[in-house]
Amino acid sequence: MKRAFLFFGILFINLTIFAFETNSAFGIKKQDSPEGYQQYVGKEFLFRPACGSLETWDNSGFKYSKDLATVPYTIVKVKVKDVVIDNEPNREITIEAVPTYGGQKYKFKEKFKGYEEVSIRKNVWGDLSQRPLIGHMPIYFTKPYRELKESKVGTFITDDLAKDKYKIVDIHFDTQLYAGALCYKTRNQRTGEVKNVFCNMPWMAFEDAYEGRYQTALIKVEKPENSDIRYGKMETITANGVEKYSFRDSLINVVIFGDQEQFNFVLKNVSSHSLKVIWDEASFVGLDGTTSKIKHTGTKYTQPEQSQPATTILSNAKLEDFAFPAANLYYKDNGAFNYATDIKALEGSWITEPMLPQKYNGIEAGEIRLMLPIQIKDVVNEYTFVFNVYYVFDHPELLKPSDSTGSN
């Protein structure tokens with residue numbers, strides 16, 4: 001079974017969504033009408049510290065203290081008021097709560113308020129102060145938290161490929177991982193290692209086992225007139241720990257391999273005539289079947305749509321070059337300015353997106369293709385190099401025994 005393991009920037013997106021889902025399930029949720037907030041009267045909750053970009057106790061009328069973290073409170077009153085802030089309509093929700101000990105409510109009250117829409121206050125000095133969002137107030141209701149804890153503590157997190165299993169020994173809001181997110185405290189049953197993982201992303205426990213990368217392997221070279229028949233001689237060679245692929249026929253001898261961003265190759269003309277590589281007609285086909293033009297050495301990134309002159313290779317001469325999908329090239333504006341002089345402080349840069357997946361989504365990801373049109377005299381031969389994209393695990397010892405894991 002394929003499992004999508006999200007790393008790097010994608011992890012941040014998931015964590016942002018998770019922070020919202022956590023608050024919706026265990027805290028106050030933004031309502032469609034003022035009357036909807038009355039459902040929270042009588043509910044018991046605990047305070048927790050605010051963290052992250054959306055959570056704040058500032059401007060809420062309440063000052064958080066660690067001493068309150070273990071004191072249960074019950075909501076006794078909810079007031080909703082329509083307000084205008086920064087010339088925009090908004091709603092202000094005020095919560096009144098009293099401490100609850102042993103089922104008994106006390107008269108001492110705590111009060112805090114939040115707003116339905118984001119509102120940023122800016123003073124004359126340029127300082128920003130965020131008003132709290134009611135949907136991100138750092139509290140959690142004790143009943144759903146207790147029910148989740150009772151159902152999960154003592155159970156195990158397992159995985160289809162990883163051999164270890166983790167026992168859930170506790171559930172808590174973790175302020176160090178991300179934005180007070182709800183986490184499982186787990187213990188590896190083989191090593192005893194304790195690890196915190198987000199409740200809605202238990203696969204985090206197996207990140208070490210899934211560490212690795214996608215690689216490419218040349219599986220065939222095609223000609224369009226008979227794409228099912230491999231022609232020429234192919235072999236695999238290893239140099240400096242990198243697997244490269246050698247292909248030879250009566251016209252060319254090429255050593256080629258693909259890395260995360262591009263194809264690297266040395267192309268030798270073994271014919272008795274000069275040949276040309278027609279770059280403007282070369283193409284790349286990605287894992288999703290999308291076709292793109294390619295770029296190679298000498299391409300001016302400032303002119304990505306510019307025509308690329310053909311490269312002539314004399315008889316018995318060779319060309320060392322690389323090729324990558326033109327669609328993966330884009331300009332990133334750093335957007336940094338010196339406002340005192342209105343001069344841009346940092347220039348932007350050209351970025352090449354990877355042509356291989358950056359997240360695990362199965363051992364076999366599919367095929368990618370590089371087509372190089374090579375002209376001899378007036379005849380253009382379209383060489384299509386077909387690569388299998390497969391995943392290599394850095395720690396196969398952490399996987400269950402299998403003939404399929406890590407092989408290509």
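Along the Cα→Cβ direction, 7 angstrom out, place labels at Val266 and Gln130. What is the inter-label distance in nm?
Those two pseudo-labels are separated by 5.4 nm.
Using the Karplus curve 6.51 cos²θ - 1.76 cosθ + 1.60 with θ = phi - 60°, what ³J(HN,Hα) values do you get for each residue of the range 383-396, in whole Hz, with x for Gly and Pro?
Result, ordered by residue: 8, 10, 9, 9, 10, 7, 9, 9, 9, 10, 7, 6, 10, x Hz.
Could you work out the percent of alpha carbon pairs in the range 145-209 separated by over 13 Å, rounded to a whole number?
On the way: 1245 of 2080 pairs.
For the range 145-209, the share of Cα pairs beyond 13 Å comes to 60 percent.
Which lysines does Lys318 reach when only Cα atoms under 16 Å apart count, and residues fewer than 8 places away in its own chain are ignored?
Hits, sequence-local ones excluded: Lys268, Lys276.
Let a ≥ b ≥ c be the square roots of the eigenvalues of the Cα gyration tensor of the range 346-389; is it rounded (a/c under 1.5), or, if not, prolate (a/b larger than b/c) or oblate? Write out the running numbers ahead of the final one.
Working: a/c = 8.73, a/b = 1.35, b/c = 6.48.
Oblate, because a/c is 1.5 or more while a/b does not exceed b/c.
For the pair Val169 and Val118, what calculated FRET efficiency results from E = 1/(1 + (r/R0)^6), where r is the Cβ-Cβ distance and R0 = 25 Å, to the nearest 0.05? Could the numbers behind the result be given before it?
Numbers: r = 37 Å, r/R0 = 1.49.
According to the calculation, E is roughly 0.10.
What distance in nm separates the simple spin-label points at Lys143 and Asp58, each placed 7 Å from Cα in the Cβ direction?
Distance between label points: 3.5 nm.
What is the spin-label model distance, in nm, from Lys359 to Asp280 if the labels are put 7 Å beyond Cα along the C-beta direction?
3.9 nm
Per 0.36 nm of contour for each residue apart, how much would the distance between Asp288 and Asn388 grow if the chain were fully extended, relative to their Cα-Cα spacing? Please list the in-between numbers first.
Working: separation 100, 0.36 × 100 = 36.00 nm, distance 1.32 nm.
That pair, Asp288 and Asn388, stretches by 34.7 nm at full extension.
So who's got an amide H within less than 5 Å of the one on Arg91, skipping anything under 5 residues away but keeping other chains? H placed 1.01 Å off N, in plane.
Val83, Glu116, Glu117
Rounded to the nearest 20 Debye, what is the dipole magnitude of the range 28-136 about its Cα centre when Lys and Arg each give +1 and Asp and Glu each give -1 at the C-beta?
On the way: 18 positive and 15 negative charges, 92 e Å.
Charge dipole of the range 28-136: 440 debye, to the nearest 20.
Take the alpha carbon gyration tensor of the range 28-136, find the square roots of its eigenvalues, order them as a ≥ b ≥ c, and report rounded if a/c is under 1.5; if not, report prolate when a/b exceeds b/c, else oblate.
Numbers: a/c = 2.43, a/b = 1.46, b/c = 1.66.
Verdict is oblate for the range 28-136.
Would you mind calculating the gained length between Lys29 and Phe156 on full extension (0.36 nm times residue separation, minus the Cα-Cα distance), in nm to one decimal?
Numbers: separation 127, 0.36 × 127 = 45.72 nm, distance 3.04 nm.
The Lys29-Phe156 span can extend by a further 42.7 nm.
No value in this document is a laboratory result; all are computed from the given coordinates. Note that the structure is a prediction, hence the values are computed from the model and not measured. Cβ: placed from backbone, ideal geometry, glycine included. Neighbour counts: every protein chain shown.
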